[in-house]
Every structure is written in C-alpha cells, then in structure tokens.
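A short reminder: the numbers here are calculations on the coordinates, not readings from a lab. All figures in this text were calculated on a predicted structure; none of them were measured in a lab. When we count neighbours, we look across all protein chains shown, and the Cβ atoms used for this are built from the backbone with ideal geometry, even at glycine.
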Amino acid sequence: MRTNKYPSEVTDAPGRLIERLIPVYPGGRPRTTNLRDGVNAVCYVRRTGCPGRYLPQDFPPQSTGGRSVDACRHHGTLEAIHEALREKVHKKEGKKRTPNAGSSDR
C-alpha cells in the first residue's frame, strides 16, 4: 500500500464503487497489486498528462496498469465505471437517472 497522497487520488466512496466493478478474470494469476493503487495510477496519468513511464515510483509498474486498463476497456468495465459514477453524481445533484433533454447542431 502506498503512503504518498496525490490530488488526483480517488476518495473512499468512489474508490469502493470502482473496486466492486473491476472483475477478477478466471485462469489468471492472483493479483499482487492493490486495486486502489492501480486506479490512482490511472487517475494520476489522466490528470497530469504525464506518460505512464514517468509515474512516481510508489505507484504500481506501468505495465500492470496498462494491461489492466486495456482489459477493462475491452470488457466494457471502464464504461460501467463511468456510468456508475455518473449516476452517483446525478443522484447527489437531484437529477433524473436518464436525461430528459438533448441537443443537436443540425
């Protein structure tokens, strides 16, 4: 478990939500990387714009995060995480689950 904190880190409530949505793929080796550390590494790269190879040393290796993100993208996990977080924000703001308006630039 990492000890350093970064502004890009996921807080506890969204972190628990995200961790529940990340599947365990059968037949693979057991995880040795903390899921939250992996999520925080992805958030750090997205927030700072730095290449993964420039991640601070207290994050998991780039290869671990890169493979995980690729697998999650392929299996639709990233979309499921986005939807779950969006629904949580909408509920907190008192908005309906589905949009009731749209726009078009035609």
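If R0 is 30 Å, what FRET efficiency do you get for R20 and C50 from their C-beta distance, rounded to 0.05?
Details: r = 28 Å, r/R0 = 0.94.
Once the sixth-power term is evaluated, E becomes 0.60.
Which whole-Hz ³J(HN,Hα) couplings does segment 8-13 yield from phi under the Karplus relation 6.51 cos²θ - 1.76 cosθ + 1.60, θ = phi - 60°, glycine and proline marked x?
Taking θ as phi minus 60°, the curve returns 7, 5, 7, 6, 4, 4 Hz for segment 8-13.
Compute the FRET efficiency between A84 and Q57 as 1/(1 + (r/R0)^6), taking r as their Cβ-Cβ distance and R0 = 35 Å, and round to the nearest 0.05.
0.70
Under 18 Å from a point 7 Å along the Cα-to-Cβ line of L35: which residues of segment 8-23 have their amide N that close?
9-23
Could the peptides 89-96, 10-17 be put in order, highest first, of the mean number of other beta-carbon atoms found within 10 Å of their residues? Before the final figure, lay out each step's value.
Details: 89-96: 9.8, 10-17: 12.1.
So the peptides 89-96, 10-17, ranked by packing, come out 10-17, 89-96.
In whole Hz, what ³J(HN,Hα) sequence does segment 30-43 give by Karplus (6.51, -1.76, 1.60; θ = phi - 60°), x for Gly and Pro?
Whole-Hz 3J(HN,Hα) from phi for segment 30-43: x, 5, 10, 9, 5, 4, 4, 4, x, 4, 5, 5, 4, 5.
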